[in-house]
Amino acid sequence: MELSTTYMGIALRNPLVASASPLSKTVDGVRRLAAGGVGAVVLYSLFEEQVRREAALNARLTAAGSESFPESLSYFPDAADEEPGPRRYLSLLERAADAVDVPVIASLNGATPGGWAGYARSMQDAGAAAIELNVYEVPGDPTTSGRDVEQRHVDALSRVKDAVTVPVAVKLGPHYSSPGEMALRLDAAGADGLVLFNRFLQPDIDTEAIATTSAFELSGPAEGRLPRTWIALLHGRVQASLAATTGVEEAADVARFLLAGADVVMTTSALLRHGTAHAGVLLDGLSAWMARKGFTTVDELCGLLCVAAGTDAAAHERAGYVGGLRDANAGAHGPR
Amino acid sequence: MIAYSHCIAHGIEMRNGLDQQHRAVASGYWPLLRYDPMARSAGANPFLLDSPRPRIPLADYTDRELRYRTLANTDPPEAERLHGLAAEAVAQRWDVYEEMATRGARRFPADARKER
């Protein structure tokens, strides 16, 4: 079965991509992902705040106790005091890109205007096939306007696009006032790819400890419906490639996203649950389904169930909502 | 008695020294053991392994110390290579200690001190 496709103009052997995760924190991890069969690997995200925090911590630790005893004026070599920057990440990126024959995409979560552009440029120089901007942001200040948040994200994309020549994708969350309009704005600003959606990690409360907890959970298939809805709406309406992420567990989930209009389907939770070889299971399942349904290439099925251009998308969604409620009332969730 | 002591030269927040000592033991970097020759005389295994098996990755211990992070920042591939060897050494040493802790007493040298 021919599974090759393109993502942001990059040729991939298949549409399954390992999304940013701890699985790609080592060169061996990236090798295992590639050996498992994925078409590309997105490295774990580099957070600008973490780089700055480590630099500040190292400076504090090298200074602690120095110049306090004549027989030992310092406790560390000069190198300890050097600004580490994203050196470890860039070294991993360079070696990972050399080690595998699938594209390795760097993931960046910047915090300052200079940070976005500077780190992106370094990632390109280190051999990134593309850069994914992780614009995860929770505007905790309730006086921040939605438009200001959106403009920050568009500005970050623009700065990075000015700084690099490799393709740039934006991984966005669903919590914009109008996700579709935000996607169009990013598309117009030059995004080569849109990754839908980042998961909003919400803390939970431990009633016994009377404390908040991080409450991280892997995604489940039901979570795939939200990004699928927007991918179906955006397919054919943006120039950027569409990448689906969240809610992939079995081959049918991959097929669902492709039918909705995704160019590639990203997963981490399934690989964490079942191992990196599960990528092969997903791809074999996709091939078997395609053969059963008479498809011979990914192109043939991509976007078959999207909301066609020219459709009144708002009316389409409204009708879907009303129809869904009607079906639920008539079924298991209806009045007795 | 050989005791691990946290130190300013390790490059840690000194107020967290005991937490770091806990990680040293939990990662297998610093197993806790005793050797009591008198136990051998009583027919018991003189080698006592007091800490449980390593239950956190070695990196959870080393990444918190500037003395290790410095190499990771200046020469990441070399740091990874050495870390891999160190993790292997931790596992090998643990295997040896576990084997010693489960041996019969007779496989240890007898206490040669003159009985009083």
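Observations on the model:
- Residues (surrounded by 13 or more Cβ atoms within 10 Å (Cβ to Cβ) and outside any loop (DSSP other than H, G, I, E, B)) located in the range B:99-116: B:Met100, B:Ala101, B:Ala105
- With respect to the conditions (1) hydroxyl-bearing (Ser, Thr, Tyr); (2) exposed (fewer than 14 other Cβ atoms within 10 Å of the Cβ); (3) within 14 Å of chain A (Cβ to nearest Cβ), B:Tyr4 falls short on a single one, namely (3).
- Qualifying helices (runs of 4 or more DSSP H) (wholly inside the range A:221-336; at least 1 residues being in contact (Cβ under 8 Å) with a residue 60 or more places away in the chain and more than 24 Å from A:Tyr7 (Cα to Cα)): A:313-330
- Boolean, A:Leu259 is over 28 Å from A:Lys25 (Cα atoms) and surrounded by 14 or more Cβ atoms within 10 Å (Cβ to Cβ): yes
- Of residues in the range B:63-95 being closer than 18 Å to A:Ala79 by Cβ and β-branched (Val, Ile, Thr), the one surrounded by the most Cβ atoms within 10 Å (Cβ to Cβ): B:Thr70
- Among the conditions (1) assigned to a helix (DSSP H, G or I); (2) touching a Ser or Thr at 6+ places or on another chain (Cβ under 9 Å); (3) not small (Gly, Ala, Ser), B:Asn45 misses just one, which is (1).
- Here B:Ser51, B:Ser41 are screened, and the one residue that is more than 14 Å from chain A (Cβ to nearest Cβ) and either touching a residue at least 60 places away in the same chain (Cβ under 8 Å) or over 30 Å from B:Arg106 (Cβ atoms) (or both) is B:Ser41.
- Cβ-Cβ under 7 Å pairs, at least 6 apart or on other chains, the range B:54-83 side within 14 Å of B:Ala9 (Cα to Cα) and more than 11 Å from every other protein chain (Cβ to nearest Cβ), far side buried (at least 18 other Cβ atoms within 10 Å of the Cβ) and among the hydroxyl-bearing types (Ser, Thr, Tyr): B:Thr62/B:Tyr68
- Filter result for A:Asp204 (free of Cβ contacts under 8 Å to residues at least 40 places away in the same chain, more than 18 Å from the chain's Cα centre (by Cα) and more than 22 Å from A:Val42 (Cα to Cα)): yes
- Test: residue in the range A:122-136 that is surrounded by fewer than 20 Cβ atoms within 10 Å (Cβ to Cβ), modelled with pLDDT under 95 and in contact with a Gly (Cβ under 9 Å, 6 or more places away or on another chain): yes
The values are calculated or read from the model by the stated rules, or taken from the named source; none is laboratory data. Computed from a predicted structure; not experimentally measured. Glycine also receives a Cβ, built like all others from the backbone with ideal geometry; neighbour counts cover every protein chain displayed.
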